[in-house]
1. Starting from the alpha-carbon convex hull of segment 231-345, give the projected area averaged over all orientations, in nm².
2. So who's got an amide H within less than 5 Å of the one on Leu77, skipping anything under 5 residues away but keeping other chains? H placed 1.01 Å off N, in plane.
3. On average, how much accessible surface per residue is there in the chain, in Å², for a 1.4 Å probe, leaving out ligands, DNA and RNA?
4. Please check: in the Gaussian network model of the chain (C-alpha springs, under 10 Å), which one of Ser177, Ser41, Ser160 has the largest mean-square fluctuation.
5. How high is the relative contact order of the chain? Use alpha-carbon pairs under 8 Å, at least six apart in sequence, and give a whole percent.
6. Of all DSSP beta bridges located in the chain, what percent are antiparallel, nearest 5?
7. Quick one: divide the alpha-carbon radius of gyration of segment 216-273 by 2.2 N^0.38 Å and tell me what you get.
8. From the C-alpha gyration tensor of segment 85-124, pull out the three semi-axes of the equivalent ellipsoid (sqrt of 5λ each), sorted largest to smallest, in whole Å.
Amino acid sequence: MTFGAAETAAMRRALELAADPAVPLGPNPRVGSVLLAADGSVVAEGFHRGAGTAHAEADALSRAGEAARGTTAVVTLEPCNHTGRTGPCAQALIRAGVRRVVFAQSDPNPLASGGAETLRAAGIEVAQGLLADEARALNRAWLHGVASGRPLVTWKFAGSLDGRSAAADGTSQWITSAAARRDTHRLRAEADVMLVGTGTVLADDPRLTVRGDDGETIARQPLRVVMGQRAVPTGARVLDDAAETLLLRTREPREALAELFERGRRHVFLEGGPTLAAAFLRAGVVDEIVAYVAPVLLGAGRNAVGDLGITAIDGALRPTVTDARLVEGVDGEPANVRFTLALSS
């Protein structure tokens, strides 16, 4: 399918709008929209700002007013076809007199899909697939939730060349470099849950907040979640007022994920110890692994993951490497390597 240069530029802008950092992460997709006049100029822009707010198309249409008639609506997701907290966007586009609709990806949600057919039935020209890969990447956690009914789980760990996450005496600060830790905070900010077990809280007393490159706590914080049966001390830093915290009294990964999904959470960043990591891996609910490997050899100490019940090499978990990059050290620190790997669940 052929798209014009103005439509491609408008879709890139719509993706930028959808990724606005002020938009809360959670149960709804991130969507942007741009209205183009016949000459390719921008008439209006809009984006979805979270559950209960106007959808991207409706936001752009309200800003355009009567000028929306005869325009091309460029949208990152197929216009919805159902009535929820807001009305169907397909009908809003029809009422506004839009001439053409271009969207990046079809809506996989069976409750909302069908907008393209509704638009075509009303005589509106519809084209799809423009920058579809970029749109899917933007909403990967939401798409995973629609397909699986649970949050996307990213397990992050830092270790030595010989796979140790702590030395024999239990010390683990700092195996990786300051640059790698800053990189971790950038990845944490992409999730809406930070999850650890009670063992990590009792051993390390982490705060589990996300900090920017300047070391300051950022405004939008993921939900801090501690799962396990042991009590969390009232003075634990994870219970401070820097972010919301949820205590889940369970050791079952699927039970925890079901509770978080019900609460509208779609991306879990798992940073617990080896026991919790092993539980999630054995349950088959780890979708992505981010591993920071430092040029350090310890020879003994805590493994990055606990017993997985694997007794022979042919039973090994074999995730697929999707990215590998050097995280350059600063102030004389050595570089670390960050591997990103995908697991099929």
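1. Details: hull surface 42.0 nm².
Its average projected convex-hull area is 10.5 nm².
2. Here Gly32, Ala104, Gln105 satisfy the definition.
3. Numbers: 16280 Å² over 345 residues.
Accessible area per residue, the chain: 47 Å².
4. Highest fluctuation of the listed residues: Ser41.
5. About 15 percent, as a whole number.
6. Numbers: 25 of 56 bridges.
The antiparallel proportion sits near 45 percent.
7. Numbers: Rg = 12.0 Å, N = 58, 2.2 N^0.38 = 10.3 Å.
Against the compact-globule rule of thumb, the ratio is 1.16.
8. 17, 13, 9
The values are calculated or read from the model by the stated rules, or taken from the named source; none is laboratory data. Nothing here was measured: the structure is a model prediction, and the numbers come from that model. Don't worry about glycine lacking a Cβ; one is built from the backbone with ideal geometry, like all the others, and counts go over all protein chains shown. Surface accessibility is based on the protein's heavy atoms, side chains included, excluding ligands, DNA and RNA. Shrake-Rupley method; radii C 1.70, N 1.55, O 1.52, S 1.80 Å.
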